[in-house]
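Trainee: I'd like to ask some things about the structure below.
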Amino acid sequence: MRNKNAPPVGSIKTEQSMPLSEEQVEISTERQVDGKVTLTRSTRYAEELVQTELNRDEVQIKHIAINEPVADDYSAVPRQEGDVLIIPVIEEQVEIIRRRIIKEEIHIIKRRTTETFKQNVTLRHQEVKIEKT
């Protein structure tokens, strides 16, 4: 049984090729010295006496817990007592009463609808034809 896609007997073509000559180019660079430069670097040292007075301030920070209630009109103003700067730190505390209240409800309603969809579309189909000679 013969393949219907095969070429007829006696129609097979043969190709012959002949190599051709090919030219190539090569580019290169060459260094050429036409002068020289000499650099000399020197460093000189000189000792010099520097005198100055250095001052140093040291600070010690202490956190003193007080935990006493104060009046509503008490102002937390920093004050100086000798070499000590005192900065009062105020904290407001709130009393909270907790009760649960339903603020809102979220209702989600699901409905299903059906509609007919129509649209013209272009479909592509590709074929490949292979011939061997």
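Trainee: Computed from these coordinates, which is Rg and Dmax of the Cα atoms in Å: (1) 16.3, 53; (2) 49.4, 122; (3) 15.5, 55?
Mentor: Among (1) 16.3, 53; (2) 49.4, 122; (3) 15.5, 55, the one derived from this structure is (2).
Trainee: Which of the aspartates and glutamates could a cross-linker span from residue 62 if the Cα-Cα distance has to be under 16 Å and same-chain partners fewer than 8 positions apart are dropped?
Mentor: Answer for residue 62, where 16 Å is the Cα cut-off: 81, 83, listed by chain and number.
Trainee: Sorting 75, 42 by accessible area (1.4 Å probe), largest first, what list results? Could you put the intermediate results ahead of the total?
Mentor: Details: 75 70, 42 95 Å².
So, going from the largest accessible area down, we get 42, 75.
Trainee: So, in nm, how far is label residue 86 from label residue 111 when the simple model puts each one 7 Å beyond its Cα toward the Cβ?
Mentor: For the pair residue 86/residue 111, the computed spacing is 7.3 nm.
Trainee: Expressed as a whole percentage, what fraction of the accessible surface of the stretch 45-91 belongs to carbon and sulfur atoms when a 1.4 Å probe is rolled over the protein heavy atoms?
Mentor: Percent of accessible area from carbon and sulfur atoms in the stretch 45-91: 49.
Trainee: Using a 1.4 Å probe, how large is the accessible area of residue 38, given in Å² and rounded to the nearest 10?
Mentor: Spelled out: residue 38, probe radius 1.4 Å, area about 120 Å².
Trainee: With every protein chain left in place, what is the accessible area per residue of the stretch 87-133 in square angstrom, probe 1.4 Å?
Mentor: Here the residues of the stretch 87-133 average 147 Å² of exposed surface.
Trainee: Here's a follow-up. Test of understanding: in a Gaussian network model of the chain with alpha carbons linked when under 10 Å, which of 22, 92, 105 would top the mean-square fluctuation ranking?
Mentor: Looking only at 22, 92, 105, the biggest GNM fluctuation is shown by 22.
Trainee: Which of 59, 50, 70 moves the most in a Gaussian network model of the chain with Cα springs under 10 Å?
Mentor: 50
Trainee: Two decimals is fine: what's Rg over Rh for the stretch 63-105, C-alpha atoms, Kirkwood radius as Rh? Please list the in-between numbers first.
Mentor: Details: Rg = 18.5 Å, Rh = 14.4 Å.
Taking Rh as the inverse mean 1/r over Cα pairs, Rg/Rh reads 1.28.
The values are calculated or read from the model by the stated rules, or taken from the named source; none is laboratory data. Here the structure is a predicted model, which means the values were calculated and not measured. Because the Cβ atoms are built from the backbone with ideal geometry, glycine has one as well, and the counts that use them run over all protein chains shown. In case anyone asks, the SASA skips ligands and DNA or RNA and just uses the protein heavy atoms, side chains included. Shrake-Rupley method; radii C 1.70, N 1.55, O 1.52, S 1.80 Å.
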